[in-house]
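Readers should treat all values here as calculations from the given coordinates under stated rules, not as data from a laboratory. Remember, it's a predicted structure, so these values are computed and weren't measured experimentally. No Cβ is skipped: glycine too gets one built from the backbone with ideal geometry, and neighbour counts run over all protein chains shown.
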Amino acid sequence: MAAPLSPPGALERYWRASREPRYSLLFALPLLLLYEGLAALLPVRETHGVRNGADVMLRLVFLALAGRRGPLVFEVLLIGVCGWLVWRDLRRRGDRLRPRWFAAMAAESLALAAVFGVVVGMLTARLLGAMSGLALAPTARLDVWTRLMVSLGAGLYEELLFRVILVSALAFVGQRLFRWRTAPAGVFAAVVGALLFAAAHYIGPYGDTLALGSFLFRFLGGLFFSGIYLVRGFGIDAWTHALYDVLLLL
């Protein structure tokens, strides 16, 4: 008679659950609240009406579709879809949330943010032979609180746009249109998504000056974040990006 399967260990349960909506999306919720709270509280004369670029891109789509109410429709739809996913996941699982796992996710995101800066920076330096061209000068014209708001928004909206929406859509195209298997479609989606992610940082009045070093750094960063999103889910991916930007600001 075969022995009964032992229940998965705490680490394995954490690894699986932290990727699921009830943890991943709830973990990302403070980013939304902090970003939107700062955007609402900071005086317009200080922020100059600046918002995160990916946030602006998403709002422009809804502005074109729904007119002046487009941004409100976008927010309601975003919160509504996330709320429904969390509710469905909680109902399906039927277990209580473990607060210590949120603390573990925060520690993991901070560690990944530190690893990101070291690994991607070293790869860029090795490929270029120098760390030139990595300055983010245009945002330096903004005050600290505005840059903090933009950094938090980068974690939330850039990962939502470039990983959740774009990489997922590109992988779908690779599988359905080109008939590729999952792995080649995923590589295609990650590479093209990283190129578009890097290019987006040079658009608009606060876009950076195009330089090979900074473009390569952001391209490698896009690949890194795509990997985190695929392996660890949206919440940890969003916080890793946001914390890296905040550490850079500090």
For the Leu42, Arg181 Cβ pair and Förster radius 51 Å, calculated FRET efficiency rounded to 0.05 is 0.60
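Sequence gap at least 6, Cα distance under 8 Å: using those rules, report the relative contact order of the chain to the nearest whole percent. Walk me through the numbers before you get to the answer.
Details: 270 pairs, mean separation 78.4, N = 250.
With pairs under 8 Å counted, the relative contact order is 31 percent.
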What ranking do 88-96, 113-121 get when scored by the average of other Cβ atoms within 10 Å per residue, highest first?
-> 113-121, 88-96
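For the chain, what is the mean residue ellipticity at 222 nm derived from helices alone (per DSSP H run of n ≥ 4: -39500 (n - 2.57); sum divided by total residues; nearest 500 deg cm²/dmol)? Don't skip to the end; give the middle numbers.
Values: 11 runs with 176 residues, N = 250.
One gets -23500 deg cm²/dmol as the mean residue ellipticity at 222 nm.
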Debye calc, one equal point scatterer per Cα of the chain, no solvent, log10 I(q)/I(0) at q = 0.11, 0.14 1/Å comes to -0.64, -1.04
From phi via Karplus (6.51, -1.76, 1.60), per-residue ³J(HN,Hα) for segment 98-113 in Hz, x at Gly/Pro = 10, x, 5, 6, 5, 5, 5, 5, 5, 5, 5, 5, 5, 5, 5, 4
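What shape does segment 144-187 take by its C-alpha gyration tensor, where a ≥ b ≥ c are the square roots of the eigenvalues and a/c under 1.5 counts as rounded, a/b above b/c as prolate, and the rest as oblate? Mind dumping the intermediate values first?
Working: a/c = 6.59, a/b = 4.33, b/c = 1.52.
Because a/c hits 1.5 or more and a/b exceeds b/c, segment 144-187 counts as prolate.
Sort 224-232, 25-33, 172-180 by packing, meaning the average of other beta carbons within 10 Å per residue, with the highest value first. Present the calculation step by step, with values, prior to reporting the outcome.
Working: 224-232: 20.3, 25-33: 18.3, 172-180: 13.2.
Result, highest mean Cβ count within 10 Å first: 224-232, 25-33, 172-180.
Sort 142-148, 66-72 by the packing proxy (mean of other Cβ within 10 Å over each peptide's residues), most packed first. Provide the component values of the computation, followed by the final result.
On the way: 142-148: 16.3, 66-72: 12.4.
The most tightly packed comes first, giving 142-148, 66-72.
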Principal-axis tilt of helix 182-200 within the chain, Cα atoms, nearest 10 degrees | 30
Calculate one ³J(HN,Hα) per residue across segment 234-249 by plugging θ = phi - 60° into the Karplus curve 6.51 cos²θ - 1.76 cosθ + 1.60, and present them in order as whole Hz with x for glycine and proline.
-> 5, x, 5, 4, 4, 5, 4, 4, 4, 5, 4, 4, 5, 4, 4, 5
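About the Cα centre of the chain, how large is the charge dipole given +1 on each Lys and Arg Cβ and -1 on each Asp and Glu Cβ? Please answer in debye to the nearest 20. Display every interim value, and only then the final one.
Values: 25 positive and 15 negative charges, 155 e Å.
Computed charge dipole of the chain: roughly 740 debye.
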Principal-axis tilt of helix 70-93 within the chain, Cα atoms, nearest 10 degrees = 20
What's the angle, to the nearest 10 degrees (0 to 90), between helix 212-232's Cα axis and the longest principal axis of the chain?
-> 20
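Take the alpha carbon gyration tensor of segment 98-228, find the square roots of its eigenvalues, order them as a ≥ b ≥ c, and report rounded if a/c is under 1.5; if not, report prolate when a/b exceeds b/c, else oblate. Don't skip to the end; give the middle numbers.
Details: a/c = 1.55, a/b = 1.19, b/c = 1.30.
It comes out oblate by the Cα gyration axes.
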Shape call, segment 14-65: gyration tensor on alpha carbons, a/c limit 1.5 = oblate
Taking other Cβ within 10 Å of each residue's Cβ, how do His241, His201 sort, fewest first?
-> His201, His241
So, with points 7 Å from each Cα along the Cβ direction, the Leu97-Ile165 label distance in nm works out to 2.5
In nm, what is the difference between 0.36 nm times the number of residues separating Ala114 and Met57 and their Cα-Cα distance?
-> 17.7 nm
